[in-house]
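Trainee: The structure under discussion is supplied below as structure tokens; questions concerning it will follow.
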Amino acid sequence: MDLNLTNQVAVVIGGASGIGLATAQAFAAEGAVVAILDRNPAAAEIAAEIGRETSVATYGGILDATDFEAVRRAVDDIEAALGPVVHVANTAAIGSGKGGFPFWNLQPEDWRAVLGVNILGAVNIAHAFSPGMVERRQGSFLFLGSVAGQIGSQTDPPYSASKAAILNFVQCMAKDLAPHNVRANVLNPGMVSTPLQARVYAGQVAHLPVDQRPSYEEWAAEKIGRLVPLNRWQTPEDIANMIIFLASDRARNVTGQSINVDGGWVMHW
Ligand SMILES: NC(=O)c1ccc[n+]([C@@H]2O[C@H](COP(=O)([O-])OP(=O)(O)OC[C@H]3O[C@@H](n4cnc5c(N)ncnc54)[C@H](O)[C@@H]3O)[C@@H](O)[C@H]2O)c1
């Protein structure tokens, strides 16, 4: 399916790893011009590699999304290098690195960093990128939520709460931006094997004696078998495919939505 994204500038924040990296690659494969922003110092090299593989123009920069002035400067730098930004996908997020079950296994202080990146970082991105899109009357935002934000997940309570908050803020964004022909949606993955997922596993098994800890694969297979009707992992590419579809004009009437690519884990009606 031609998504007509050729030469449109797409920015992926958190694009140096996992779902974000697959998203940057998918935009590039569709001919979009791609910028990767990530706190990982390898962001520029990763973006350059995508450029070499696909022959699209790319930009890579180090960014901590919790620093609003830095996000604002990144918008200017990208637009000077590549042109006006059309699509923004924010895949940057962290977990607490600790396991809930119950929530008091964490301390209130454990919430601060998670909310700082996952919700306040997203707010910074919304504020920094919206003015240009509004002025040009063109654009799409995509924020990563999670099934954890939809089901009161006990796994990592601050992470779950941050993902519920992003759903609500994106609905607000979608309403405010709609008169300006700018869309905003949330995509909720289920179980995707990435460095973030490996850290969730580590937090979950940390309290068990070493000889009683399941392997990562055993832990994931049990969880997926219990919770995911399709009984399989979602891949970063599964998520990226939906992200680039939602960015494209094929989804031009989709805004303010929360869409799951989760193997059927959470079903709404
Ligand atoms: N992996 C899953 O199963 C899963 C499930 C549901 C939701 N998600 C969501 O998908 C998104 C991507 O997750 P992933 O699994 O690919 O994780 P990941 O850890 O592989 O990638 C996240 C990227 O975000 C970057 N990042 C973190 N904090 C940042 C900051 N302050 N500023 C800039 N960059 C920052 C990291 O450096 C990393 O490159 C996240 O929003 C996550 O919550 C993932």
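Trainee: Among the residues of the range 97-144, write down those that are farther than 24 Å from His180 by Cα, at pLDDT 95 or above and open to solvent by less than 30 Å² (accessible area, probe 1.4 Å).
Mentor: Residues satisfying the conditions are Leu106, Val114, Gly116, Val117, Asn118.
Trainee: Quick check on the range 193-228: of everything there that is of a type in the set (A, V, I, L, M), more than 23 Å from the chain's Cα centre (by Cα) and closer than 20 Å to Tyr159 by Cβ, which residue is farthest from the ligand (Cβ to nearest atom)?
Mentor: Residue satisfying both the conditions and the ranking: Ala206.
Trainee: Could you pull out the residue among Thr58, Thr66, Thr23 that is hydroxyl-bearing (Ser, Thr, Tyr) and in contact with a Leu (Cβ under 7 Å, 6 or more places away or on another chain)?
Mentor: Matching residue, one of Thr58, Thr66, Thr23: Thr66.
Trainee: Residues of the range 251-269 being of a type in the set (A, V, I, L, M, F, W, C) and either open to solvent by less than 40 Å² (accessible area, probe 1.4 Å) or touching a residue at least 12 places away in the same chain (Cβ under 8 Å) (or both), which ones?
Mentor: Answer for the range 251-269, where residues must be of a type in the set (A, V, I, L, M, F, W, C) and either open to solvent by less than 40 Å² (accessible area, probe 1.4 Å) or touching a residue at least 12 places away in the same chain (Cβ under 8 Å) (or both): Ala251, Val254, Ile259, Val261, Trp265, Val266.
Trainee: What is the residue count in the range 80-94 for residues that are within 8 Å of the ligand (Cβ to nearest atom) and surrounded by 24 or more Cβ atoms within 10 Å (Cβ to Cβ)?
Mentor: 4
Trainee: Sticking with this structure for a sec: Working carefully through the options Gly256, Gly263, find the one that is in a loop (DSSP other than H, G, I, E, B), closer than 24 Å to Asn118 by Cβ, modelled with pLDDT of 95 or more and within 15 Å of the ligand (Cβ to nearest atom).
Mentor: Gly263
Trainee: Here is a follow-up. For the range 38-66, which positions are more than 10 Å from the ligand (Cβ to nearest atom) and open to solvent by 60 Å² or more (accessible area, probe 1.4 Å)?
Mentor: Glu45, Glu49, Arg52, Glu53, Ser55
Trainee: Looking only at the range 172-202, count every residue that is under 30 Å from Arg232 (Cα atoms) and either out of contact with any helix residue (DSSP H, G or I) (no Cβ under 9 Å at 6 or more places or on another chain) or part of a helix (DSSP H, G or I) (or both) and tell me the total.
Mentor: Residues meeting the conditions: 8.
Trainee: Just wondering, is there one or more residues in the range 157-168 that are touching a Pro at 6+ places or on another chain (Cβ under 9 Å) and closer than 20 Å to Trp233 by Cβ?
Mentor: No, every residue in the range 157-168 fails to be touching a Pro at 6+ places or on another chain (Cβ under 9 Å) and closer than 20 Å to Trp233 by Cβ.
Trainee: Right, next: Confirm whether Gly15 is at pLDDT 95 or above and either among the acidic types (Asp, Glu) or part of a loop (DSSP other than H, G, I, E, B) (or both). So that I can check it myself, show each step before the final result.
Mentor: On the way: at pLDDT 95 or above: yes; either among the acidic types (Asp, Glu) or part of a loop (DSSP other than H, G, I, E, B) (or both): yes.
Taking the combined requirement at face value, the residue satisfies it.
Trainee: When you look at Glu69, is it away from the ligand (no atom under 14 Å from the Cβ), open to solvent by 10 Å² or more (accessible area, probe 1.4 Å) and either in a loop (DSSP other than H, G, I, E, B) or among the charged types (D, E, K, R) (or both), yes or no?
Mentor: Considered against the rule, which asks whether it is away from the ligand (no atom under 14 Å from the Cβ), open to solvent by 10 Å² or more (accessible area, probe 1.4 Å) and either in a loop (DSSP other than H, G, I, E, B) or among the charged types (D, E, K, R) (or both), Glu69 comes out as no.
Trainee: Is it the case that some residue within the range 232-247 is in contact with a strand residue (DSSP E or B) (Cβ under 8 Å, 6 or more places away or on another chain) and either at pLDDT below 95 or of a type in the set (Phe, Trp, Tyr) (or both)?
Mentor: Taking every residue of the range 232-247 in turn, at least one turns out to be in contact with a strand residue (DSSP E or B) (Cβ under 8 Å, 6 or more places away or on another chain) and either at pLDDT below 95 or of a type in the set (Phe, Trp, Tyr) (or both).
Trainee: If you don't mind, there's one more thing I want to ask. With respect to Lys163, is the statement that it is surrounded by fewer than 17 Cβ atoms within 10 Å (Cβ to Cβ) and in contact (Cβ under 8 Å) with a residue 40 or more places away in the chain true? Can you show your working first?
Mentor: Numbers: surrounded by fewer than 17 Cβ atoms within 10 Å (Cβ to Cβ): no; in contact (Cβ under 8 Å) with a residue 40 or more places away in the chain: yes.
Judged against the criteria, Lys163 is not a match.
Trainee: Counting just the residues of the range 203-228 that are among the charged types (D, E, K, R) and outside any loop (DSSP other than H, G, I, E, B), which one comes out surrounded by the most Cβ atoms within 10 Å (Cβ to Cβ)?
Mentor: Going through the qualifying residues, I end up with Lys223.
The values are calculated or read from the model by the stated rules, or taken from the named source; none is laboratory data. Given the structure is predicted, the values throughout are model-derived calculations rather than measurements. Positions of Cβ are backbone-derived with ideal geometry, glycine not excepted, and every protein chain shown enters the neighbour counts. Side chains included, ligands, DNA and RNA excluded: accessible areas come from the protein's heavy atoms. Shrake-Rupley method; radii C 1.70, N 1.55, O 1.52, S 1.80 Å.
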